[in-house]
Amino acid sequence: MNSIKSHALKLRVIYLILFLSFLSGVCGLGYEQLLSRILRNSVGDLFQVHSSILISLFGGLALAAWCSFYFIKLLWLAEILIGSYALLLGLVWRFSPDFLLTLSLPGLHHGASAVLLSFLLVFPFAFLIGL
């Protein structure tokens, strides 16, 4: 009887972990859409910005999947950093929507600066989501 209760508890924990993993993935997709809209409003609706966001997202996810084995004990920290990054970016956007426009890099064409800015904002976030 005790082993049946233990087995049922293990199944509940496994189902909870699977549900939380699914929920984390759904939130990651929502964050990607949020970043895409923020960057589109800030740096313009350029084809290069969209492709940079897509490349950064999939590149960060792929790199994280490749090296996630080494960070398995730090997954809790990755989730905290994802939420903190999203909260910080949301607060910056809320109180200073033109802040991202001031980050343009001197010496670069507007399109190249927008691509680099979108890559630098999305890649770390995508890497954390992929862990």
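Note down all Cβ pairs under 8 Å where the first residue falls in the range 61-79 and is exposed (fewer than 13 other Cβ atoms within 10 Å of the Cβ) and outside any helix (DSSP H, G or I), the second is modelled with pLDDT of 80 or more and among the aromatic types (Phe, Trp, Tyr), and they're at least six residues apart or on different chains.
No pair meets every condition.
Check SER56, SER42, SER3 and return the single one that is under 19 Å from ALA126 (Cβ atoms) and modelled with pLDDT of 75 or more.
On the way: SER42 fails: modelled with pLDDT of 75 or more; SER3 fails: under 19 Å from ALA126 (Cβ atoms).
Result of the check over SER56, SER42, SER3: SER56.
The values are calculated or read from the model by the stated rules, or taken from the named source; none is laboratory data. Computed from a prediction, not measured in an experiment: that's the story for all the values here. Note: ideal-geometry Cβ built from the backbone for every residue, glycine included; neighbour counts use all protein chains shown.
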